[in-house]
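Inspection log for the structure reproduced underneath, given as structure tokens.
The values are calculated or read from the model by the stated rules, or taken from the named source; none is laboratory data. Fair warning: this is a prediction, and the values are worked out from it, not measured in the lab. Quick reminder, even Gly has a Cβ in these numbers, built from the backbone with ideal geometry, and neighbours come from all protein chains shown.
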Amino acid sequence: MTGGSTTYIVAVIAAVGALSWLIRALPFLLFGRGGKPPKVVEYIGRVLSPAAIAMLAVYCYAGYVRDRPPQEHLWMLAELAAGAVTVALHWRWRCPPVSIAAGTVIYMILIRLF
């Protein structure tokens, strides 16, 4: 690094700190303390996480099909079984760490068995 790098590093740390503080304070500045957020914010909070997970699942399964020859598409059983276990456990208990961990364990076991 060249001269003045300490000043640059301090400026970056200060900027990141200020931005982090602003991001955390923004909901209080917009909605006040204890106030109820608008309906659209509640709706986005409800649907954004499941939508992101669904998008990732579609992306992963599409990548699997795209990156492998057609004769291997029938052997996608480990991925489909792990996905089904993850969805079933999440519907039952609504605990993402448990459902994700169980789906991962099932996937790892199945790919080693078959």
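Restricting to segment 69-114, give me the number of residues that are polar (S, T, N, Q) and farther than 25 Å from Ala52 by Cβ.
The total comes to 1.
Per-residue answers, yes or no, for (1) touching a helix residue (DSSP H, G or I) at 6+ places or on another chain (Cβ under 9 Å); (2) modelled with pLDDT under 85; (3) surrounded by 10 or more Cβ atoms within 10 Å (Cβ to Cβ):
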{"site": "Ser5", "(1), (2), (3)": "no, no, no"}
{"site": "Val16", "(1), (2), (3)": "no, no, yes"}
{"site": "Gly34", "(1), (2), (3)": "no, yes, no"}
{"site": "Tyr43", "(1), (2), (3)": "no, no, yes"}
{"site": "Ala54", "(1), (2), (3)": "no, no, yes"}
{"site": "Arg68", "(1), (2), (3)": "yes, yes, yes"}
{"site": "His73", "(1), (2), (3)": "yes, yes, yes"}
{"site": "Glu79", "(1), (2), (3)": "yes, no, yes"}
{"site": "Trp91", "(1), (2), (3)": "yes, no, no"}
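Could you grab me the full set of residues in segment 1-54 that are among the hydroxyl-bearing types (Ser, Thr, Tyr) and under 28 Å from Pro96 (Cβ atoms)?
Ser20, Tyr43, Ser49 - these are the residues of segment 1-54 that are among the hydroxyl-bearing types (Ser, Thr, Tyr) and under 28 Å from Pro96 (Cβ atoms).
Residues that are within 23 Å of the chain's Cα centre (by Cα), among the small types (Gly, Ala, Ser) and closer than 30 Å to Leu113 by Cα: does segment 39-47 have at least one?
no
Against the condition among the hydrophobic types (A, V, I, L, M, F, W, C), over 16 Å from the mean Cα position of the chain (by Cα) and loosely packed, with under 13 Cβ neighbours inside 10 Å, how does Met108 come out, does it pass?
yes
Can you tell me how many residues in segment 18-27 are farther than 21 Å from Val41 by Cα and either modelled with pLDDT under 95 or over 23 Å from the mean Cα position of the chain (by Cα) (or both)?
Summing the residues that are farther than 21 Å from Val41 by Cα and either modelled with pLDDT under 95 or over 23 Å from the mean Cα position of the chain (by Cα) (or both) in segment 18-27 gives 1.
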